[in-house]
Amino acid sequence: MTTHPVSPNTVLANALHHAEDVLTPRILAAPPERIVLVVGTQINGAPHIGTSLVQSLAFAMAARLRDRFGLPTEVLFSALDNAPYELTTDPTSGHRYQRAYAQALGEQALNDLVTALYQPLFTALSRRLGIPHHIETYTQQQAGEHYRRTWLRLLPASTPPAGGSPLHRHPSPPRPCPRPACGWAEKHAERTRVRLTGPESAVVSAVCLHHGPYEAAITPTAGGYLDLATLYRNLVKELALAGPQGPLHVMVKGGDWVFGSHLVDEALQAVGLARAQLPARLFCPQVVTDTGAKLSKSLIREGRAPLPGGAAPGCSTPGSGPAPSPSTPISCSPWPRPCSPTPATSSARTRPPRSVA
């Protein structure tokens, strides 16, 4: 990669004086009580420069909006602990299964992960800019009554139409097996079914890798873990945050999300939101490799983005252990440690992660 990162120019560069101008009409038309900039990241490894830039944009924009409009602002970091930690294939049926970080590591280990890899940057930005921030894991978000009620409200509109939107690709949530120390779920939810049993209740039926068929009732206040595919999860999250009163929530994402956000916006309008009610968004330009590929944790871990020896995410500093060959599969823990190869014959593996908000 080049030694001097560059960002491509955009049409907006010649249309706006300041980046926050994209939000000015909405703020002036209906001044909110406060502004919350929402930025999310899969917490499945050490962040690279692209991840940190998106998070830094959230804090910098919060400061600009506060100073320009005199409104209180804050940053909400969504720590997506539902990222796949392990993947395997059922040798009998051929179905793919996953176990997420939330189920594999547990609450304390996930808190330690966020504290070690993300909290230092957030603390530094908060102190430097005077912007408060809050951290919420997806596990906490999906357990919230308002989020679950929003999902239940969406269920009648989730039946895939003929030639429907990609948002309907996985309308059924991969519900993790509730057995202790299990947590495996079908990755693509082929045999997972959801049926409404009342105005605010549903039953999810699925098949566990180890324990066979099971069912779980879902209500706004109970029912266990509710996992959702990426676009569908963003639809529920953004619909839950929409409202005529209260704070203005601004979604801060990497530039790779531009096209996906169009699909989310179409789905939001399909369930009744007017165009003026759609979420406010800011997109951070991507950091790309010399070939134009997105700089991502998966590229780095798969050896398709050149890095100095010992600099791979999840690996300790040079000198603590030999750096593996770029072609060697890596089992990278979220915590700094020496890299260790993963046996190629293992049926379950740690997923090469993606940066997804």
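The values are calculated or read from the model by the stated rules, or taken from the named source; none is laboratory data. Bear in mind that the values here come from a model prediction, so they are computed numbers and not experimental data. In this analysis, Cβ positions are derived from the backbone assuming ideal geometry, glycine residues included, and neighbour counts consider all displayed protein chains.
Residue-by-condition table, conditions (1) surrounded by 17 or more Cβ atoms within 10 Å (Cβ to Cβ); (2) at pLDDT 90 or above; (3) acidic (Asp, Glu):
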site: Ser261; (1), (2), (3): yes, yes, no
site: Arg301; (1), (2), (3): yes, no, no
site: Cys315; (1), (2), (3): yes, no, no
site: Gly319; (1), (2), (3): no, no, no
site: Ser325; (1), (2), (3): no, no, no
- Task: Please specify each residue of segment 157-201 satisfying the condition of being surrounded by fewer than 19 Cβ atoms within 10 Å (Cβ to Cβ), part of a loop (DSSP other than H, G, I, E, B), of a type in the set (A, V, I, L, M) and modelled with pLDDT of 55 or more.
- Result: Ala181
- Message: As an exercise: evaluate Gly223 against (1) in a loop (DSSP other than H, G, I, E, B); (2) over 30 Å from Met61 (Cβ atoms); (3) without any contact (Cβ under 8 Å) to a residue 40 or more places away in the chain and give the number of the one condition it does not meet.
- Response: (3)
- Message: If I ask for residues that are assigned to a helix (DSSP H, G or I) and at pLDDT 95 or above, which ones from segment 69-110 would you list?
- Response: Phe69
- Return the residue satisfying two criteria in turn: it lies in segment 45-60 and is closer than 12 Å to Leu125 by Cα and not hydrophobic (A, V, I, L, M, F, W, C), and of such residues it is modelled with the lowest pLDDT. Ser52
- Task: Identify the single condition in (1) assigned to a helix (DSSP H, G or I); (2) over 13 Å from the mean Cα position of the chain (by Cα); (3) surrounded by 24 or more Cβ atoms within 10 Å (Cβ to Cβ) that Arg66 does not satisfy, given that it satisfies every other one.
- Result: (3)
- Scanning segment 202-236 for residues that are among the β-branched types (Val, Ile, Thr) and assigned by TED's automatic domain parsing to the domain that holds Thr150, which turns out surrounded by the most Cβ atoms within 10 Å (Cβ to Cβ)? Val236
